[in-house]
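See below for the structure under consideration.
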Amino acid sequence: MDRDSRDRTDDFVVTNDFVVKVATVNGTGSASANGMLMQAIFRMGIPVSGKNVFPSNIQGLPTWYEIRVNKHGHLARNPDVDLMVAMNPKTYEQDIAEVRPGGAVIYDSSWPLDEELFRKDVLFFGIPLSHMCVENFKGDRERILMKNIAYVGAVAALLSIDLEVIKGMLEEKFSAKQHLMDSNNVAIRLGYDYATEHFDCLLPIRLEAMDANRDSVLMTGNMAAALGCVYAGATVGAWYPITPATSLMDAFRSFCAELRKDPETGKNLYCVIQAEDELAAIGMVLGAGWMGARAFTPTSGPGISLMNEMLGLAYYAEIPAVIFDVQRTGPSTGMPTRTQQGDLFTIAFASHGDTKHILMFPADPGECFYFAVKAFDLAERFQTPVFVASDLDIGMNDWVCKKLEWDDAYVPDRGKVLSAEDLQGMDAFYRYLDVDGDGIPARSLPGVDPKGAYLTRGSGHDRFGRYTEDGDLYQDVMDRIARKIEGAAEALPPPEVRLVDGATVGLVTMGGCRGAVLEAIELLADEGITLDFLRVTGFPFCTAVEEFLLSHDVNIVVEQNRDAQLMRLLLLETAVPKSKLSSVLDYRGAPLSAEVVVGGVRDRLGLVPVEAG
Amino acid sequence: MTQTAKPSVRHPRLKRNKLGLTQRDYEGSQSTLCAGCGHDSITAAITQAFFELDMPLHRVAKLSGIGCSSKTPTYFLSEAHGFNSVHGRMPSIATGANAANRDLSYIGVSGDGDSLSIGLGQFCHAIRRNVNMLYMLENNGVYGLTKGQFSASADVGSRAKRGEENRMSPIDPASLALTLGASFVARSFSGDKKQLVPIIKAALTHRGFALVDVISPCVTFNDHEGSTKSYAHTREHGHEVVETDFVPILHEIQAQQDHGSTTAVTMHDGSVVRFRSVDEGYDPTDRDAAYAHLKELQAKGEVATGLLFIEPTSMDLHAFENTVDQPLVDVPFEKLCPGSEVLAELQSRWR
Ligand SMILES: Cc1ncc(C[n+]2csc(CCOP(=O)(O)OP(=O)(O)O)c2C)c(N)n1
Ligand code: SF4
Ligand SMILES: [Mg+2]
């Protein structure tokens, strides 16, 4: 983005609108130090985002953390780096090259920086972090850990982060471990004091406290989704570890350890099973769902691939299940720690034969919570698997979100579940008979009443639940299930639509692209290009989606995959003609930035960029 | 073809169990397996065992994978809830079901293809978790439903119907289960109802994973000369290690008048399983000895049968997971949802 579009205060110093990138080595404890930095800015009331760019590795490879501060609340990734904290000599060259002209670099001056790396248009701040840590701490591990804290101190000084805020955070974190608190305090001061003593504040960027975060919290999508499972009353979770979904079950477990103990016995009011693979994980979810429990599994693309056979079973035998697909790049192992929206095709029609599944696309952690709860309601109402498709960026990064709210009047939508009395009052119970005409038959739960007994099966069955190989009887059930799933379109959360006067072009997107697309719409509006906005939140698509597409001359679909999966699904599943659709795609694995959207839209509309003035 | 219901004639003099039900009430629809298939005899034994245990039908969950064997839950307990799932994945469905509702009685039916090839992983892990269920492995050494390919339990030297000989060593579910720490391992023969019924009853009463490996000849694809899972071969080479008698809790006093040299093992609910060693010194509570004995007989070309091993007080899935005694499906929502105040409190930490 153009530097000059940023607001400038006195002496070319930009306040609360910049990007800090930290380059470190993974496995050295830098992730929590970087998180602290972001959290401190959050506590100063300033809108901020943090994006972790990490390798698929435990220790020793380059890793980065990007912090974007934006007083207007634009928190999508911005690759335009103002301050680089370069702590990994192996990536110095690339990191220093990324800094925009007029920006700055902090590096560890314990060893001299190669002459060739210096740039004239960038400020360099050398701090002998390693030396200071060797002098002040004992043992390799502590020295390495404390070096991270020391650079946090230095950045705090240079950006004028309130030291008290950081100290408060350390106290909360280490209140039980005095010696850790002591070392952390020493380390913070080392960096802070060195920076204050050696540099006048020459940085072109700075922070100033605001009050934008009063009603907000910091959370990851996986935490929020896990909490949604707790609040929805889920009792059985099964999973097989996979990045970026692992932290969802970790979070569910720790919430449950705190909130789901039977007060009398101290025993668990939940059961989490680490399965032997994803085939088993989804099998367990189906077993539990069949019994009437709210059950879920978190996974990512490779897990979804393994689950395919069972997903067809769930669809055809009509068993509720909630699957969180925290997407990462594919195919195969792809880039397992990078984000993408590449699973749409796979989840929309998962399994062999004719299937079609209910999908939800949360845009941020807040929606992960609400959509999780909704997913259980929909799964039980429609007696079918429901996918909540987030991605690595939403799932694993800390986002500033509006505080979650909970309505204590909420009653789970269990759908048509027959009680023993219901069953006793019936002449006969037939599992797959569409009594109400909405495509949704009633279900009985095992163990409730002898009258409810039937054989659940993935093999051909008629509307009475009996085995059949009769084509007409088979087709009858398949058609009814198709009707049932279509009915889910209007029961999903409504799409997000923003209309401006006179716009004939629509920008269409989903999930985590939201922030970048909205920011791009503002930037393009400054150039006089007006665009309407549609964010698809679920599948099957509701009529509002189709109406939006039909009412625009051009719809540019912005998404993070190579094959324009959302655009193609829209083409397949709505009446929109192909001529009205085009796409902007970014599937490099990083969270989307407005820059890419702006460039893509200009290109699709045949516009020339407006010269920065 | 739709399933065929059996004509419902009730004989007035049929014996009734404590629930007032007859054995006919424990049957299912008419079998569509080949006449003489071993699986049908197992179905009959299952029917009798459930009947004799006075099991309420709707409190039973019967599950299976895919195969001729996996079709059989349709043929027993028609008033029990059933789940005919996908090939090799029944153990995971049973695990999830059991996690959600621990109060039902679970029976899983599988084949040697279903359990020892495609589903080997799930089979092993259900044993590790000690899921409280009866696991019937109807073992015929072939894939019946796909027309006679060798399965992983085919013995070395066994001949397929078309003549080719199996040379790879078999996976023996009983010894595998023993090494995996299974808490109940039995083997029987579909043609020996007298042995099979008490074993099924003991397995249903056992708390934990009870493997019953039943040699069950496939008359169509694996009952010829040269097959080691044929009726003739099994009758000749079957070797009963222990005679098993299952004594439900209430009958114990009468049953104590039994013959002399028996070992009695008390189950979690107080019922008793009695063993009478056929082989001298065989101790069905000694895992290593059971394993050694199994291998010894195997080396002689014999198949050890009977309740081979039992560990009545093992921890099951729910003990591992420390779940409440009440089935999770019965826990009211109010106990599961922490409510708005807790949410506000939680979020005060996320700043
Ligand atoms: C995923 C999958 N692959 C293959 C099949 C085909 N198939 C059906 S039954 C079967 C073998 C069954 O053998 P076994 O479990 O021994 O049962 P039996 O018929 O011998 O009782 C196979 C391979 C299938 N149903 N699903
Ligand atoms: S093919 Fe074999 S296993 Fe299948 S029903 Fe016939 S005899 Fe039984
Ligand atoms: Mg078989």
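The values are calculated or read from the model by the stated rules, or taken from the named source; none is laboratory data. Being a predicted model, the structure only gives us computed values, none of them experimental. Counting neighbours? That spans all protein chains shown, and the Cβs are built from the backbone with ideal geometry, glycine included. Areas reflect the complete protein model, heavy atoms only, side chains present, ligands, DNA and RNA absent. Shrake-Rupley method; radii C 1.70, N 1.55, O 1.52, S 1.80 Å.
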Practice task
Report, ordered by the first and then the second residue, all pairs with beta carbons closer than 8 Å, sequence separation of six or more or different chains, a first member in the range A:506-524 that is in contact (Cβ under 8 Å) with a residue 60 or more places away in the chain and not assigned by TED's automatic domain parsing to the domain that holds A:Phe371, and a second member that is polar (S, T, N, Q) and assigned to a helix (DSSP H, G or I).
Solution key: A:Leu523/A:Ser5
Exercise for the section: Report, by residue number, each residue of the range B:54-70 that is within 15 Å of the chain's Cα centre (by Cα) and outside any loop (DSSP other than H, G, I, E, B). Expected result: B:Val60, B:Ala61, B:Lys62, B:Leu63, B:Ser64, B:Ser69, B:Ser70
Handout entry: Check on B:Gly108, small (Gly, Ala, Ser) and more than 12 Å from ligand 1 (Cβ to nearest atom)
Key = yes
Exercise for the section: Would you check if there is a residue in the range B:106-124 being without any contact (Cβ under 8 Å) to a residue 24 or more places away in the chain, more than 16 Å from ligand 3 (Cβ to nearest atom) and over 16 Å from the mean Cα position of the chain (by Cα)? Expected result: yes
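For every residue, the table says whether it meets (1) in a loop (DSSP other than H, G, I, E, B); (2) more than 10 Å from every other protein chain (Cβ to nearest Cβ); (3) open to solvent by 50 Å² or more (accessible area, probe 1.4 Å).
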residue: A:Asp427; (1), (2), (3): yes, yes, yes
residue: A:Tyr432; (1), (2), (3): yes, yes, no
residue: A:Asp438; (1), (2), (3): yes, yes, yes
residue: A:Val448; (1), (2), (3): yes, no, yes
residue: A:Lys451; (1), (2), (3): no, no, yes
residue: A:Asp472; (1), (2), (3): no, yes, yes
residue: A:Val477; (1), (2), (3): no, yes, no
residue: A:Arg480; (1), (2), (3): no, yes, no
residue: A:Glu490; (1), (2), (3): no, yes, yes
Fill in the blank from the handout: Counting only residues that are within 14 Å of chain A (Cβ to nearest Cβ), small (Gly, Ala, Ser) and either more than 13 Å from ligand 1 (Cβ to nearest atom) or open to solvent by 40 Å² or more (accessible area, probe 1.4 Å) (or both), the range B:22-41 contains a total of 2
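A quick yes/no check of all residues on (1) outside the structural domain of A:Asp80 (by TED's automatic domain parsing); (2) touching a residue at least 40 places away in the same chain (Cβ under 8 Å); (3) out of contact with any Cys (no Cβ under 6 Å at 6 or more places or on another chain):
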{"position": "A:Arg143", "(1), (2), (3)": "no, no, no"}
{"position": "A:Val155", "(1), (2), (3)": "no, yes, yes"}
{"position": "A:Ser160", "(1), (2), (3)": "no, yes, yes"}
{"position": "A:Lys167", "(1), (2), (3)": "no, no, yes"}
{"position": "A:Glu172", "(1), (2), (3)": "no, no, yes"}
{"position": "A:Ser175", "(1), (2), (3)": "no, no, yes"}
{"position": "A:Leu180", "(1), (2), (3)": "no, no, yes"}
{"position": "A:Tyr194", "(1), (2), (3)": "no, yes, yes"}
{"position": "A:Asp200", "(1), (2), (3)": "no, no, yes"}
Problem - the range A:351-407: number of residues that are out of contact with any strand residue (DSSP E or B) (no Cβ under 8 Å at 6 or more places or on another chain) and of a type in the set (Gly, Ala, Ser) - result: 2
Exercise for the section: Please enumerate the residues belonging to the range B:323-340 that are within 27 Å of the chain's Cα centre (by Cα) and either closer than 12 Å to A:Asp408 by Cα or aliphatic (A, V, I, L, M) (or both). Expected result: B:Val324, B:Leu328, B:Val329
Problem - Identity of the residue in the range A:208-222, in contact with an Asp or Glu (Cβ under 9 Å, 6 or more places away or on another chain) and in a loop (DSSP other than H, G, I, E, B), that ends up nearest to the other protein chains (Cβ to nearest Cβ) - result: A:Thr220
Exercise for the section: For the range B:42-58, state whether one or more residues are within 16 Å of ligand 2 (Cβ to nearest atom), surrounded by fewer than 24 Cβ atoms within 10 Å (Cβ to Cβ) and not basic (Lys, Arg). Expected result: yes
Completion exercise
Residues in the range B:286-328 that are within 14 Å of chain A (Cβ to nearest Cβ) and assigned to a helix (DSSP H, G or I) total 6
Handout entry: Residue list for the range B:113-156, restricted to those being basic (Lys, Arg) and part of a helix (DSSP H, G or I)
Key = B:Arg128, B:Arg129
Handout entry: Subset of the range A:365-405 that is of a type in the set (Phe, Trp, Tyr) and open to solvent by less than 40 Å² (accessible area, probe 1.4 Å) - its residue that is farthest from A:Leu218 (Cα to Cα)
Key = A:Phe382
Practice task
Name the residue, out of A:Gly237, A:Gly221, that is under 16 Å from A:Tyr370 (Cα atoms), within 23 Å of the chain's Cα centre (by Cα) and touching a residue at least 12 places away in the same chain (Cβ under 8 Å).
Solution key: A:Gly221
Problem - Criterion: open to solvent by less than 20 Å² (accessible area, probe 1.4 Å), in contact with a strand residue (DSSP E or B) (Cβ under 6 Å, 6 or more places away or on another chain) and at the interface with chain B (Cβ under 8 Å from one of its Cβ atoms) - qualifying residue of A:Ala225, A:Ala280, A:Ala245, A:Ala238 - result: A:Ala238
Handout entry: Matching strands (runs of 3 or more DSSP E) fully within the range A:340-419 where at least 3 residues are within 14 Å of chain B (Cβ to nearest Cβ)
Key = A:399-402
Practice task
Could you check, for the range B:133-149, whether at least one of its residues is within 14 Å of chain A (Cβ to nearest Cβ), within 19 Å of B:Ala202 (Cα to Cα) and open to solvent by less than 10 Å² (accessible area, probe 1.4 Å)?
Solution key: yes
Exercise for the section: Being over 21 Å from B:Glu138 (Cβ atoms), part of a loop (DSSP other than H, G, I, E, B) and within 7 Å of chain A (Cβ to nearest Cβ) is the filter here, so list the residues in the range B:79-102 that pass it. Expected result: B:Glu79, B:Asn101
Practice task
Assess whether A:Ile46 counts as being crowded, with 21+ Cβ neighbours inside 10 Å and in a loop (DSSP other than H, G, I, E, B).
Solution key: yes
Problem - Enumeration of residues in the range A:182-192 that are open to solvent by 50 Å² or more (accessible area, probe 1.4 Å) and in contact (Cβ under 8 Å) with a residue 40 or more places away in the chain - result: A:Val186
Practice task
Find the residue count for the range B:190-220, including only residues that are within 16 Å of ligand 1 (Cβ to nearest atom) and crowded, with 23+ Cβ neighbours inside 10 Å.
Solution key: 9
Problem - Matching residues in the range B:221-243 - criterion: being open to solvent by 20 Å² or more (accessible area, probe 1.4 Å), in contact with a strand residue (DSSP E or B) (Cβ under 6 Å, 6 or more places away or on another chain) and away from ligand 1 (no atom under 15 Å from the Cβ) - result: B:Gly226, B:His237, B:Gly238, B:His239, B:Glu240, B:Glu243
Handout entry: So B:Val278, is it β-branched (Val, Ile, Thr) and open to solvent by 20 Å² or more (accessible area, probe 1.4 Å)
Key = yes
Practice task
Run down A:Ile319, A:Ile282 and say which single residue is at pLDDT 95 or above and not in a helix (DSSP H, G or I).
Solution key: A:Ile319
